[in-house]
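Each reported figure results from applying straightforward, stated rules to the coordinates on display, with no laboratory input. In this text, all values refer to a predicted model and were calculated from it rather than measured experimentally. Because the Cβ atoms are built from the backbone with ideal geometry, glycine has one as well, and the counts that use them run over all protein chains shown.
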Amino acid sequence: MKLAMRLFLALSLILALSSAAVAADFDWVKDFNIRAEADPTGFRAQLATRFKIGDTEIAGVLSVCNKPADAYIALRLGEMSRQPTEYVLEQYKVNKGKGWGVLAKSLGIKPGSKEFHALKQGHDLYDDPGKSKGKSKGKSAKQK
C-alpha cells in the first residue's frame, strides 16, 4: 500500500511539473492577441512589413486562423519551413487542435529545433521590452 501511495505521489509530481513546463510555451500569445485585436489595422501593417506580404494574403491567413497569434505563428512556420502560405494553411486546417508541434512536424520542422523553441518563447512582431524576439537571447552589447 505504501508503495502504491509513493508511486501515486511521484506520478502526480511529474504530471504537475510537466503541465507547468507546457504552460510556459507560447505564454506570449494572450498578450499578443489583445494587442493585435486592439489595433487590427496596425497588426495588418506589421504582418505586411514583417513577412513582406500584401493585403490579399493577410486577409486569407486571417480568414483561416482564429486569432491574430495563430496567423502570426502560421506565417512564421511557413517562413521557417520555406513552404507557401497556402500549404501551411491547409496543414493548419488538417492539424487544428493537435498543437503547434504537430503542425510544425507536418511542415518538416523539428518541434525540438532551436528555431521552433524560440518561437514558443516569443515573437518578433512588436518591440516589447523583456520579451523574446523569436531569436536566441544570447547577444551582449558588444556583439550588436
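Things worth noting here:
- Among the listed pairs Lys67/Lys96; Lys52/Lys98; Lys98/Lys120, those beyond 18 Å (Cα-Cα): Lys52/Lys98
- Coupling constants for the range 119-124 follow from the phi torsions by the Karplus curve (6.51 cos²θ - 1.76 cosθ + 1.60, θ = phi - 60°), and in residue order they are 5, 5, 8, x, 10, 10 Hz; glycine and proline get x.
- Relative contact order of the range 43-134, taken over Cα pairs closer than 8 Å and 6 or more residues apart, is 18 percent.
- Distance between the pseudo-spin-label points of Lys110 and Lys93 (7 Å out from Cα toward the beta carbon): 3.2 nm.
- For the range 43-134: rounded, prolate or oblate by the Cα gyration tensor [a/c cutoff 1.5]: oblate
- Close amide H partners of Gly122, meaning residues 5 or more places away or on another chain with modelled amide H under 5 Å apart, are Gly134.
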